[in-house]
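Take a look at the structure below.
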Amino acid sequence: MQNITYNFQNKSAIVTGGASGIGFQITKSFLESGAKVSVWDYSDAALAQAKSELSAFASQLHFTKVDVGSRESCAQAAGSVPWAVDILVNNAGITRDKSFAKMTGEEWDAVIGTNLTGLFNVTKSLFEKFNANSSHRRIVNISSVVALYGNFGQTNYVAAKAGVIGLTKTWAKEFARKGFTVNAIAPGFIRTAMTQAMPKEALEQMAARVPAQRLGETEDIANAVLFLASEQASYINGHTLSVDAGLVIG
Ligand SMILES: NC(=O)c1ccc[n+]([C@@H]2O[C@H](COP(=O)([O-])OP(=O)(O)OC[C@H]3O[C@@H](n4cnc5c(N)ncnc54)[C@H](O)[C@@H]3O)[C@@H](O)[C@H]2O)c1
């Protein structure tokens with residue numbers, strides 16, 4: 001796929017969950033566009049793999065092991081970022097799918113803790129680290145198509161991702177005067193470890209529901225993130241952009 005090219009020279013981004021899947025591609029696309037990137041992830045294996053795959057960009061990169069679900073961990077990570085921040089992509093997320101009847105309190109807490117409280121923790125820890133001299137401040141939050149229509153077996157995930165859309169609109173109103181735009185992306189079904197962990201049959205059924213009859217690629221989401229993070233998107237604020245090949249229109 002031909003990626004859209006942007007110029008993010010002299011900009012720096014933080015990408016949570018940036019060591020694999022969608023986050024890895026967002027990291028790579030920012031690096032290719034000239035940005036410095038701080039990758040926040042809790043997986044040692046994913047961090048090591050990303051470091052090796054992105055070695056050509058070593059001078060633009062910073063890696064931090066952090067659990068976005070922990071306030072202490074986020075505060076520590078924020079202290080280690082070597083530069084002022086222009087762009088934050090809240091991407092880290094997990095699933096613990098079960099029907100409501102079978103879902104445990106731990107599964108609810110884990111998903112809300114990472115996918116919703118994680119955004120609070122990360123953004124709170126970084127708010128004062130944003131570049132004071134820049135009017136180009138961007139936050140892009142990764143929600144999900146299922147936040148817009150619900151999904152069997154995902155009470156915890158849908159609640160968290162719908163919460164992400166709500167806090168995006170609130171931050172858009174609160175932060176605009178400080179030079180921020182805050183937007184969300186609602187990806188459809190994207191080919192990553194998260195979807196590959198699903199049974200093959202369920203994946204095929206999902207793909208069949210997409211008007212384009214196929215899953216999306218990580219580049220589809222990264223392209224949308226870079227657009228919303230760009231200078232050119234400065235008048236888009238509080239929006240949730242569906243990137244799902246028409247899945248949400250049913
Ligand atoms: N793949 C899809 O179809 C799809 C669809 C809609 C939304 N999303 C969302 O996109 C985002 C990325 O999903 P993905 O498919 O790339 O997932 P993935 O599992 O491939 O990657 C997620 C990354 O986040 C990291 N991570 C998870 N919990 C963390 C924590 N507590 N602290 C720090 N890092 C953590 C993981 O180590 C991993 O590197 C998630 O928010 C997900 O909910 C994905």
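The values are calculated or read from the model by the stated rules, or taken from the named source; none is laboratory data. These numbers come from a predicted model, not from an experiment. All Cβ positions, glycine included, derive from the backbone under ideal geometry; neighbour counts span all protein chains shown.
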Pair list, Cβ under 6 Å, 6 or more apart: the range 84-99 residue basic (Lys, Arg), other residue outside any loop (DSSP other than H, G, I, E, B) and within 10 Å of the ligand (Cβ to nearest atom): 96/110; 96/111
Any residue at all in the range 153-169 that is in a strand (DSSP E or B), surrounded by 12 or more Cβ atoms within 10 Å (Cβ to Cβ) and among the aliphatic types (A, V, I, L, M)? no
If you go through 48, 110, 78, the only one that is aliphatic (A, V, I, L, M), in contact with a Ser or Thr (Cβ under 9 Å, 6 or more places away or on another chain), on the phi < 0 side of the Ramachandran plot and modelled with pLDDT of 95 or more is 78
Complete set of residues in the range 59-91 that are under 29 Å from residue 234 (Cα atoms) and in a helix (DSSP H, G or I): 59, 60, 74, 75, 77, 78, 79, 80
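Tell me which residues, restricted to the range 238-247, are assigned to a loop (DSSP other than H, G, I, E, B) and either touching a strand residue (DSSP E or B) at 6+ places or on another chain (Cβ under 9 Å) or crowded, with 16+ Cβ neighbours inside 10 Å (or both).
238, 239, 244, 245
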Whether any residue in the range 118-128 is surrounded by 17 or more Cβ atoms within 10 Å (Cβ to Cβ) and under 26 Å from residue 247 (Cα atoms) is what I want to check. yes
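Count, please, the residues in the range 173-197 that happen to be more than 9 Å from the ligand (Cβ to nearest atom) and either loosely packed, with under 15 Cβ neighbours inside 10 Å or over 20 Å from residue 148 (Cβ atoms) (or both).
Residues meeting the conditions: 9.
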Selection from the range 81-107 of residues that are more than 14 Å from the ligand (Cβ to nearest atom), of a type in the set (Val, Ile, Thr) and within 24 Å of residue 153 (Cα to Cα): 104
Is at least one residue of the range 130-151 surrounded by fewer than 18 Cβ atoms within 10 Å (Cβ to Cβ), over 29 Å from residue 236 (Cβ atoms), within 14 Å of the ligand (Cβ to nearest atom) and without any contact (Cβ under 8 Å) to a residue 12 or more places away in the chain? no
Test for residue 222: is it without any contact (Cβ under 8 Å) to a residue 60 or more places away in the chain and within 16 Å of the ligand (Cβ to nearest atom): no
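For the range 234-244, indicate whether the set of residues that are away from the ligand (no atom under 14 Å from the Cβ) and of a type in the set (Gly, Ala, Ser) is non-empty.
Narrowing the range 234-244 to residues away from the ligand (no atom under 14 Å from the Cβ): 234-239.
After this cut, where a residue has to be of a type in the set (Gly, Ala, Ser) as well, the list is 234, 238.
Scanning the range 234-244, I find at least one residue that is away from the ligand (no atom under 14 Å from the Cβ) and of a type in the set (Gly, Ala, Ser), so the answer is yes.
Filter the range 25-43 for residues that are within 7 Å of the ligand (Cβ to nearest atom) and crowded, with 19+ Cβ neighbours inside 10 Å and give the result.
We begin by selecting, within the range 25-43, every residue within 7 Å of the ligand (Cβ to nearest atom); these are 40-43.
Within the range 25-43, 40, 41, 42 qualify.
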Scope the range 45-70; condition more than 12 Å from the ligand (Cβ to nearest atom), in contact with a helix residue (DSSP H, G or I) (Cβ under 9 Å, 6 or more places away or on another chain) and not acidic (Asp, Glu); matching residues: 51, 54, 56, 57, 58, 60, 61, 62
